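Read through the structure below, which is laid out as structure tokens, and then see the notes.
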Amino acid sequence: NMKAVFILLPWFAVVISQIKSEDCHPPDPVTVPKDQLIDIKWYIRASKPNIFNTYKGFIEIVSETQPGDRYTSITMYNGFTGSSGFWKFPNNAIKTTYDKKELSDLSGKFKILAFDEDLFISQRAPKDDKEGLTLVRIKKKCLDQETRTKVEEALKKICLDPTDFSFDNSCK
């Protein structure tokens, strides 16, 4: 009987893990409607890994210089103003390059994993020895409890664990 228990336990664990993995599905990159992204203030308020020891209080505004080329203006971060980046959206991804060395850690090609009227989530694949970076941008300046709950639900829907994320509650 003991052998039967040991044989069944691994099988049971496999069944449980398969059931759990079917609850969420990693998303395909999302198409972002232009009119829901351009000329809107976006605040980076959650990240994995934690970037908020270095960067805090982001406000980004996206505008379009040419059809398909979106330009990001960072109007504020840690009291620093005037930095800018250039976003391109090939195949529903963001290509971000910031012209300030202090922001170079945030550069790269990001896939947009989730988007709705209040938030969007983008993720950069790991490069070199650096860990991949996932950023959550929201429209609200402050991350209140209702918005945080919505962010956590959105992360779970795309198979990301909210407990792995750091949140910026600075309201700057």
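Structure summary
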read-out: FRET efficiency estimate (nearest 0.05) - Cβ-Cβ, D161 to K141, R0 22 angstrom; value: 0.30
read-out: Residues in region 40-55 that a label on D118 would reach, taking backbone N under 18 Å of a point 7 Å out along Cα→Cβ; value: 41-47
read-out: Distance in nm between pseudo-label sites at V30 and N169 (7 Å out along the Cβ direction from Cα); value: 2.5 nm
read-out: Efficiency of FRET from Cβ geometry, I38 and A125, R₀ 30 Å, rounded to 0.05; value: 0.70
read-out: Amide proton proximity set for F110, modelled H, under 5 Å, gap of 5+; value: I94, K95, T96
read-out: Residue pairs, from the table K109/K140; K48/K150; K41/K109; K48/K156, whose Cα atoms sit over 19 Å apart; value: K109/K140; K41/K109
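Read-outs: derived from the displayed coordinates by stated rules, not from any lab. The structure presented is a predicted model; accordingly, all values stated were derived computationally and were not measured. Neighbour counts run over all protein chains shown; Cβ positions are idealised from the backbone, glycine included.
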